[in-house]
1. List the aspartates and glutamates whose Cα lies under 16 Å from the Cα of K76, skipping any in the same chain that are fewer than 8 positions away.
2. Based on alpha-carbon positions alone, could you give the equivalent ellipsoid semi-axes of the stretch 282-424 from the gyration tensor, as √(5λ), descending, whole Å?
3. Reported to two decimal places, what Rg/Rh ratio describes the stretch 129-271 when computed on Cα atoms with Rh from the Kirkwood expression?
4. Students often get this wrong, so check it: of K189/K444; K402/K468; K307/K416; K27/K193, which have C-alpha atoms separated by over 27 Å?
5. With r as the distance between the Cβ atoms of Q38 and T354 and R0 = 35 Å, compute the FRET efficiency 1/(1 + (r/R0)^6) and round to 0.05.
6. Apply the Karplus parameterisation 6.51 cos²θ - 1.76 cosθ + 1.60, with θ equal to phi minus 60°, to every residue of the stretch 27-37 and state each ³J(HN,Hα) to the nearest whole Hz, in sequence, with x for glycine and proline.
7. How are the Cα pair distances of the stretch 389-468 distributed, in percent, across 5 Å bins from 0?
8. What length, rounded to one decimal in nm, is gained on full extension from L448 through to D258, with 0.36 nm per residue of separation minus their alpha-carbon distance?
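Each value in this text was obtained by applying a stated rule to the coordinates, not by laboratory testing. Because the structure is a prediction, the values reported are computed rather than measured. Cβ placement follows ideal geometry from the backbone for every residue including glycine, while neighbour counts extend to all protein chains displayed.
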Amino acid sequence: MLAGIWDEFLTIAREEAGSRIVETWFKAVSLSKWDAIQKIIYLKAPNPFVKDWIRNNYTNLMQLHLGRLLNIDSLKVVFIDGLEVAREPVTVTYQSQPASGTFLAATTVPAVQKRSSTALKVQGSKNASHINSSYVFSNFIVGPSNSLAYAAAHAVTENPGRLYNPLFIYGGSGLGKTHLLHAIGNEIKVSNKNAAVLYQTADRFVNEFISAIRFDKMYKFQAKYKDIDVLLIDDVQFISNKEQTQEAFFHIFNALYDAKKQIVFSSDTFPQNIQGLAERLRSRLACGLVTDMYMPSLETKVAILKKKAEQSDGTVSDEIAHFIASRVISNIRELEGALVRVMAFASLTKQPVTLELANRVLNKSLPEDYKKPMLDFNGIVKRLNAYYPYSLADLQAKGRNKELAFVRQIAMFFMKKLTDKSLRDIGIYLGGRDHSTVMHAIDKVEKLVASDEAFAQKLQRIEQDIIK
Ligand code: ADP
Ligand code: MG
């Protein structure tokens with residue numbers, strides 16, 4: 001469970017400090033032990049250089065987030081000096097791009113340390129293609145919020161480069177985009193183990209490009225990408241405002257596309273909304289299939305929690321799973337984090353997982369916005385009213401005025417997207433309408449979002465207004 005906490009911390013650190021910092025510094029460190037009574041967390045660094053750097057630059061970050069994850073207010077972070085413990089020199093072999101898990105393996109450490117490092121190893125394994133073997137289709141839970149993206153991703157593996165090319169998956173943070181990208185890579189590797197598959201974050205692509213220029217390795221850089229069969233680019237929004245990189249990427253894209261090689265992108269927003277992107281690249285990104293993911297329903301969240309618990313050899317009761325799922329609304333990474341915290345706290349303090357315990361752990365450790373009450377229907381209607389001249393009574397009435405009917409459909413769409421309520425609940429609330437009417441409405445609005453950019457942008461503005 002400590003390993004889970006450390007992984008969870010790395011994810012947060014990646015968001016807060018950037019993935020380069022995590023790959024360069026934090027991946028070199030391991031979490032050694034936790035003294036729950038003294039509130040001290042012991043970390044092990046491979047050498048004094050890494051230790052000092054992290055201590056000088058990231059102490060606050062660690063205290064804040066590890067403290068939150070462990071549910072402790074004033075956490076102390078102490079480095080166990082690897083050198084002192086080992087009384088032997090430690091040789092560190094840095095790789096140009098340490099992939100998760102492999103860094104520790106590349107560190108020559110005495111046997112005593114090695115044991116704990118292996119125990120804390122990040123789940124799954126990666127190789128030159130950067131594919132994480134623990135993200136596969138079989139452990140991805142499908143629900144209405146992600147079924148389209150899932151189906152498209154799966155279809156791509158059956159017919160790479162032919163059906164949906166490129167495939168562009170967008171959605172908020174922590175909704176499963178990276179998981180799907182790796183799943184595509186893993187699946188293609190199963191059916192064709194010789195396929196040259198490369199998963200690359202746009203961030204890393206940018207760095208690779210910059211260092212290729214700096215060290216005169218453009219030829220090598222281009223050659224590497226020319227030979228790829230399946231290119232998976234994660235978080236493509238990070239190439240915005242990087243003109244030279246975009247230029248290089250544009251050519252790589254065209255070459256692969258013309259050769260009918262599969263390309264898949266993920267992004268936190270749809271192509272039209274990525275700022276600072278050259279127009280011709282933007283139109284390339286969107287020229288295949290564009291599909292979105294949003295926050296899953298309560299049922300799907302519960303299923304995900306159960307799957308995650310099962311994967312880490314634990315179980316979680318329906319009651320606890322419901323409790324956690326109903327507390328965490330913003331994304332699945334947080335959902336997983338909440339589960340890890342509850343389980344870790346129970347196991348470290350040797351208590352059973354009860355509702356009371358879960359409540360204690362989560363209430364204290366969730367950041368402010370998760371304590372917000374669930375958005376309710378009234379709130380949504382009120383905000384919508386700033387954009388469309390219809391009151392709740394209008395929306396609930398039987399009126400068949402075309403514009404009113406349309407606004408009602410938009411209300412249904414947001415109610416489904418932003419709350420955990422069922423189609424049935426929404427139908428009842430909006431004048432006793434049938435669940436199939438609500439489903440049809442949502443479908444209609446979604447289709448319009450996909451085909452009408454101006455409308456999509458308007459809805460996005462409204463949504464931001466609703467959730468702020
Ligand atoms: P994103 O790339 O969209 O920010 P990730 O793919 O990193 O999100 O997902 C965050 C975490 O949530 C991962 O651990 C992932 O396995 C998990 N996750 C997301 N969606 C699902 C799902 N439908 N089923 C199982 N796990 C999921
Ligand atoms: Mg991601």
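1. D35, D52
2. 37, 20, 13
3. Details: Rg = 14.7 Å, Rh = 15.4 Å.
Answer for the stretch 129-271: 0.96.
4. Working: K189/K444 37 Å; K402/K468 29 Å; K307/K416 24 Å; K27/K193 29 Å.
From the list (K189/K444; K402/K468; K307/K416; K27/K193), the Cα-Cα distance tops 27 Å for K189/K444; K402/K468; K27/K193.
5. 0.85
6. For the stretch 27-37, the Karplus-derived couplings read 5, 7, 9, 10, 8, 8, 7, 10, 9, 5, 7 Hz, x marking Gly and Pro.
7. Computed distribution, short to long bins: 3, 15, 26, 27, 20, 8, 0.
8. Working: separation 190, 0.36 × 190 = 68.40 nm, distance 3.04 nm.
Result for the pair: 65.4 nm of gain on full extension.
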